[in-house]
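Right, one structure below, let's go through it.
The values are calculated or read from the model by the stated rules, or taken from the named source; none is laboratory data. No experiment lies behind these values; they were computed from the predicted model shown. Positions of Cβ are backbone-derived with ideal geometry, glycine not excepted, and every protein chain shown enters the neighbour counts.
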Amino acid sequence: MKRIPEEIDSLMWGIAESGDPSAVDQFAVRYPQYEAEMRKRIALVSGFKRAKPKTDPVRSVPKFSPRREIAEPRASWTPAAWAIGLSLAALGVASFTAFSLFGPKPTRDRPPVVADQGNQPEVKPWGSNPRPDVAPPISPVDGMRTEPNPRDVPPLRTGEPAYLRPTSVHIAKAKLADALALIGAQSGLEVVVAPGFPDVEVTVDYDGLSAIQILQELGRDYGFTAFDQGNGSVIAVPATDPEDGGGADAGESEDATAPSDLTVERPKRNP
Amino acid sequence: MVLTAVDKTKALAFDDDIVVVERFLAGDEAAFEILYSRYHDKVHAIARGILLDAEEASDVVQEIFTLVLRHLKRFDRRSRFSTWLFRVAVNRSIQEARKARHKHRHVELREASDATVPEEVEYSDPKIQAAMEKMAPNDRAILVLFYWEELSLNEIADSLGCNVNAAKTRLYRARERFRSLYEESES
């Protein structure tokens, strides 16, 4: 049998569903080759319509009894959704593990340090992050978070200048003028050496004294006086030896070149 | 969902059920009984046509009305209440039919000869019954809505959740499958 054209097929279904006898007759006249097929479809449709289950008019509608549990349709999980879900879960586990292993350790409380208003860099206690929302820096070497070595922390500042704090000086066989300059540089003290300073070789070995005290001790040993100016500078004035014809008497305690209001002591030389 | 006054007026003009729905939503629980008794037989016929089992259909009808009771607030009033109800009925019945199909296959595999035979729908023409049993539940659904419940293609489209053209195509295919299966059983 040849395939029925779509429009005729559609027309046959329409006539069969309408059940109009005159429409059937007209179709048969116009398309006699499809009349048999038309009759089959009419039988099919009417048979199907008749097959509708009849409701018993005597039977009453049963009482409505709501169901407690109904398995409502669930969203179907496509493979892509599964893949995304598993990826997110894996990412979560990885993040947790990484954070647990490499995350910031609990900060230890340390007493705060009172800093002065000087020019040295401000030192704050470890753990006092000024921006708590920013993680501590990560070492580029091993990716581990590091705490600074206590030795790397700059010296804590107090209100006392460095040249007044106890220090140690060890210099062997140096010119006296060089030794004074070195002590000044180490302690931040400006040392002004007056003319006529003795050019002697000295060995300096002091512990637990401030720079000014060391200079004064040296003055006693090598014949000069260290005048503390009170502003971070010291003037080192050589004592005048009357035997050298300096113009001062041996018993005089005042140096001709020294400021008039200062007392110059006779230096004590080392044997 | 916010409905315009025009939408609401249109819906009310064509659908008396909306008044009953509004009464129920306002707290009148007896109003639901009205909807239930008004549509029980139609819903049962749809379920029975899809499931091909009268007893199972009765059970599913109770589930369908339970779902309607639970989700009546979601009814947006853009379509007739009956169309919305049939959509729930069709979806639920197809879902159950698929489950039942799986169950029946399982029973056949185990050759459980003593298994209780479900109370199947008795058709006047056994060939129609044979063809219907071989069809997929969604094909059965569209034939039931069109030939038994005599819904228009627009109403079928609403009930199946598709547009009219899709409904037309689905009807055409279902009809052709039915014809093919019917003729197979004839020969």
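Go through the range B:63-79 and give me each residue that's crowded, with 18+ Cβ neighbours inside 10 Å and not hydroxyl-bearing (Ser, Thr, Tyr). Can you show your working first?
Restricting attention to the range B:63-79, the residues satisfying the condition of being crowded, with 18+ Cβ neighbours inside 10 Å are B:63-68, B:75, B:77, B:79.
Within the range B:63-79, B:GLU63, B:ILE64, B:PHE65, B:LEU67, B:VAL68, B:PHE75, B:ARG77 meet the criteria.
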* Does A:THR167 satisfy being modelled with pLDDT of 65 or more, of a type in the set (Ser, Thr, Tyr), touching an Asp or Glu at 6+ places or on another chain (Cβ under 9 Å) and at negative phi? -> yes
* **Pairs with Cβ under 6 Å, 6+ apart, first in the range B:171-187 and facing chain A (nearest Cβ under 8 Å) and closer than 20 Å to B:ASN138 by Cβ, second of a type in the set (Lys, Arg) and part of a helix (DSSP H, G or I)** => B:TYR182/B:LYS127
* Asked: Looking at (1) over 15 Å from B:ALA47 (Cα atoms); (2) more than 12 Å from chain A (Cβ to nearest Cβ); (3) modelled with pLDDT of 85 or more, which is the only condition B:GLU111 fails?
  -> (3)
* To do: State which residue pairs qualify: first residue more than 9 Å from chain A (Cβ to nearest Cβ) and inside the range B:61-84, second residue of a type in the set (Ser, Thr, Tyr) in any location, beta carbons under 8 Å apart, and separation of 6 or more residues or different chains.
  => B:ILE64/B:SER93; B:SER82/B:TYR39; B:THR83/B:SER159
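One residue is enough: does the range A:64-87 have a residue meeting the conditions within 13 Å of chain B (Cβ to nearest Cβ) and at pLDDT 85 or above?
Applying the first criterion (within 13 Å of chain B (Cβ to nearest Cβ)) to the range A:64-87 yields A:64-74, A:76.
Now drop any that are not at pLDDT 85 or above, which leaves A:64.
Yes, the range A:64-87 has at least one match.
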* Do you know which residues across the range A:193-216 are closer than 23 Å to A:GLY230 by Cβ and surrounded by 14 or more Cβ atoms within 10 Å (Cβ to Cβ)? -> A:VAL193, A:ALA194, A:PHE197, A:TYR206, A:LEU209, A:SER210, A:ALA211, A:ILE212, A:GLN213, A:ILE214, A:LEU215, A:GLN216
* Identify all residues within the range B:22-50 that are in contact with a helix residue (DSSP H, G or I) (Cβ under 6 Å, 6 or more places away or on another chain) and more than 14 Å from chain A (Cβ to nearest Cβ); write none if there are none. => B:ARG23
* To do: Give the range A:173-209 a look and list any residue that's on the phi > 0 side of the Ramachandran plot and either in contact with a Phe, Trp or Tyr (Cβ under 7 Å, 6 or more places away or on another chain) or among the aliphatic types (A, V, I, L, M) (or both), or say none.
  => A:GLY188
